[in-house]
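See below for the structure under consideration.
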Amino acid sequence: MVALFVMLTILACVGIDGIVQWRKAKRESATRILADQLVPAEALAKLSAPPDVFLDEGHTWVRVTPSGKAHIGIDGFAQGLIGRIDDVLLPEVGREARRGDMLFAMRQGQHRAAFASPVDGVVEVVDKELHWHPEMIQINPYKDGWVCSLKPKNLARNLKLLRIADDAKSWLKEEGQKFREFFAARPFEDLQLGQVLQDGGQLTGGVLEFADDETWKQFNRIFLRPGQIKNS
């Protein structure tokens, strides 16, 4: 009798474990399909930046003006993933910025994307229009969507750590693939997003508009990396 009870208990445990594993595999498959739909592979081939801007590993860009100023904004990769921007938290004019330190942030609801300064310098000008029209970043992040301008220090040394032209394009593709893998590994728990896809709807805006708090936290840590970027 005891032996029979033990066997039934083992079979029950095996059955429960099988159901758990099946559900886990199903969830992972659904998330992978979701990643393919929201971050399609063909879109990665189109990731690029203007030839006159330098890209930093924290997904900011730098354009050096003829007068030596450094205009800074966020790249198209970050903008495309964030989507809707409700407000831009601008740096204070006169503040000294060090490469790698948080310089500004984008707010979407209760979530924030924090961006590190790509160069050393002093903040001279900020684009105050972004408070009223943050959508300018979505329209053109490399032009009307600039965030601030710095009087740079150590510019030549800093620029050597950035990417430009073909090097920038190749790196953006690598980052795109990394994000696909990152997103596919996230828990598929957003029923609203799932419902949109099941209904055959077209998603507008960025993937992160539908992400949870933890996904935003990990996106900041892995891709934007404020406070982690090396200065040499």
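Report the accessible area of E124, computed with a 1.4 Å probe over the heavy atoms of all protein chains in place, in Å² rounded to the nearest 10.
Probe radius 1.4 Å; accessible area of E124 about 70 Å².
Leaving out same-chain residues fewer than 8 places away, which lysines sit with a Cα under 19 Å from that of K69?
Leaving aside lysines fewer than 8 places away in the same chain, those within reach of K69 are K128, K143, K151, K153, K160.
At 1.4 Å probe size, put K169, K46 in order of accessible surface, largest to smallest. Can you show the working numbers first?
Details: K169 80, K46 160 Å².
Descending order: K46, K169.
Any chance you could look up the accessible area of H111 with a 1.4 Å probe, heavy atoms only, rounded to 10 Å²?
In the full protein context, H111 sits at about 30 Å².
Using θ = phi - 60° and the Karplus form 6.51 cos²θ - 1.76 cosθ + 1.60, what ³J(HN,Hα) does each residue of segment 108-114 get, whole Hz, x for Gly and Pro?
Karplus-based 3J(HN,Hα) across segment 108-114 equals 10, x, 8, 9, 10, 10, 9 Hz.
Could you point to the residue in T60, F77, P50 farthest towards the positive end of segment 47-97's charge dipole, with +1 and -1 charges on the Cβ of Lys/Arg and Asp/Glu respectively?
Of T60, F77, P50, it is P50.
When all protein chains stay in place, what accessible area (Å², nearest 10, 1.4 Å probe) is found for D101?
For D101, the solvent-accessible surface is approximately 70 Å².
Go through S170, S67, S117 and list them by solvent-accessible area, largest first, probe radius 1.4 Å.
S67, S170, S117
Students sometimes get this wrong: rank R98, R186 by accessible area, probe 1.4 Å, all chains present, largest first.
R98, R186
The values are calculated or read from the model by the stated rules, or taken from the named source; none is laboratory data. Quick caveat: nothing in here was measured; it's all calculated off a predicted structure. Here the Cβ is made from the backbone with ideal geometry for all residues, glycine too, and neighbour counts use every protein chain on show. Quick note on the areas: whole protein, heavy atoms, side chains included, nothing else; ligands and nucleic acids left out. Shrake-Rupley method; radii C 1.70, N 1.55, O 1.52, S 1.80 Å.
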